[in-house]
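Have a look at the structure that comes next, please.
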Amino acid sequence: MGKVYTGASTSIDGYVSGPDFSGFDKLFRWYEAGDVAFTVPTGTMTFNLTPASAAYFGGIIQATGALVVGRKLYDFTNGWGGQHPLGVHTVVLTHRPLEDNEHFTFCSEGIEKAIEIAQAKAGDKGVGLNSGEVARQAIDAGLVDEIFLDLVPVILGGGTPFFAPGKGYELEGPLSVIESTSVTHLRYKVKYGDAASQGE
């Protein structure tokens, strides 16, 4: 069974989107910062990455067998037109489930069940979680192994934080640091049993 991770492009002040879902042009600028054409598995998107970012992003895709996302993201993207761009099975955590299909499972039984379903779909590969409330629920349930942080040199001043408010945690690492144009890719391991005192 692979690792469970969460990751996102994040501003210096810790936001994965600005106020009213703004700021994505700044947060994802690194997707067009190089000259390596990188097409996602479904063929629906092509980015122009630096060699360092292409190797990093490609490694994550190769290691990921399924995803868990929230209903807000699913609705915001209109279900990615029927399939997530990474081409892996996606579990949508929601209180308003839709009918399951070959690409999506809708789970209303909590984060533990959603990750369990995703791990079954992923096989030996890992499970990726989207940031925000899904990431918060999973880390508080002790289910997140690693955090991938694509740190972008911008201050958004507000918006949606990487993790919804809750407990604090110590991290081990960085396990890796990859410097690229317009972004620094960081990877950390979550330490459980030592929750930060401000979260208690």
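Taking region 188-200 only, how many residues are at pLDDT 95 or above and either outside any strand (DSSP E or B) or open to solvent by 60 Å² or more (accessible area, probe 1.4 Å) (or both)?
Residues meeting the conditions: 1.
Taking strands (runs of 3 or more DSSP E) that do not extend beyond region 15-124, which have at least 1 residues that are closer than 20 Å to Ile139 by Cβ and either in contact with a Pro (Cβ under 9 Å, 6 or more places away or on another chain) or not hydrophobic (A, V, I, L, M, F, W, C) (or both)?
Working: elements: 15-17, 36-39, 46-49, 64-70, 89-93, 104-107.
The qualifying strands (runs of 3 or more DSSP E) are 15-17, 64-70, 89-93, 104-107.
Residue-wise test of (1) more than 18 Å from the chain's Cα centre (by Cα); (2) closer than 23 Å to Ile147 by Cα; (3) of a type in the set (Val, Ile, Thr); (4) surrounded by 19 or more Cβ atoms within 10 Å (Cβ to Cβ).
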| residue | (1), (2), (3), (4) |
| --- | --- |
| Asn78 | no, no, no, no |
| Pro85 | no, yes, no, no |
| Val91 | no, yes, yes, yes |
| Asn101 | yes, no, no, no |
| Phe104 | no, no, no, yes |
| Glu109 | yes, no, no, no |
| Ala118 | no, yes, no, yes |
| Lys121 | no, yes, no, no |
| Val127 | no, yes, yes, yes |
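Which ones in region 13-22 are within 28 Å of Lys189 (Cβ to Cβ) and either of a type outside the set (S, T, N, Q) or free of Cβ contacts under 8 Å to residues at least 40 places away in the same chain (or both)?
Scanning region 13-22 gives Asp13, Gly14, Tyr15, Val16.
Same structure, new question: Check region 54-62 and report whether any residue there is touching a Leu at 6+ places or on another chain (Cβ under 8 Å), touching a residue at least 12 places away in the same chain (Cβ under 8 Å), surrounded by 18 or more Cβ atoms within 10 Å (Cβ to Cβ) and β-branched (Val, Ile, Thr). Full working, then the answer.
Narrowing region 54-62 to residues touching a Leu at 6+ places or on another chain (Cβ under 8 Å): 57, 61.
Retained after the next criterion (residues that are touching a residue at least 12 places away in the same chain (Cβ under 8 Å)): 57, 61.
This time we only want the ones that are surrounded by 18 or more Cβ atoms within 10 Å (Cβ to Cβ), so: 57.
If we keep only those that are β-branched (Val, Ile, Thr) as well, we get none.
No, there is no match, as no residue in region 54-62 is touching a Leu at 6+ places or on another chain (Cβ under 8 Å), touching a residue at least 12 places away in the same chain (Cβ under 8 Å), surrounded by 18 or more Cβ atoms within 10 Å (Cβ to Cβ) and β-branched (Val, Ile, Thr).
Also, quick follow-up: Pull out all pairs, ordered by first then second residue, where Cβ-Cβ is under 7 Å, the residues are six or more apart or on different chains, the first lies in region 182-194 and is at positive phi, and the second is of a type in the set (A, V, I, L, M, F, W, C) and surrounded by 20 or more Cβ atoms within 10 Å (Cβ to Cβ).
Going by the 7 Å Cβ cut-off, the qualifying pairs are Ser182/Trp30; Ser182/Val152.
Please pick out the residue among Thr50, Thr10 that is modelled with pLDDT of 95 or more, more than 17 Å from the chain's Cα centre (by Cα), open to solvent by less than 20 Å² (accessible area, probe 1.4 Å) and under 19 Å from His185 (Cβ atoms).
The unique qualifying residue is Thr50.
Within region 134-185, track down each residue that is within 23 Å of Asp25 (Cα to Cα), open to solvent by less than 20 Å² (accessible area, probe 1.4 Å) and over 17 Å from the mean Cα position of the chain (by Cα).
The answer is Gly158, and nothing else.
The values are calculated or read from the model by the stated rules, or taken from the named source; none is laboratory data. Source: prediction; values computed, not measured. Reconstructed Cβ throughout: ideal geometry from the backbone, glycine too, with neighbour counts over all protein chains shown. For the accessible areas, the whole protein counts, side chains as well, though only heavy atoms, and no ligand, DNA or RNA atoms are used. Shrake-Rupley method; radii C 1.70, N 1.55, O 1.52, S 1.80 Å.
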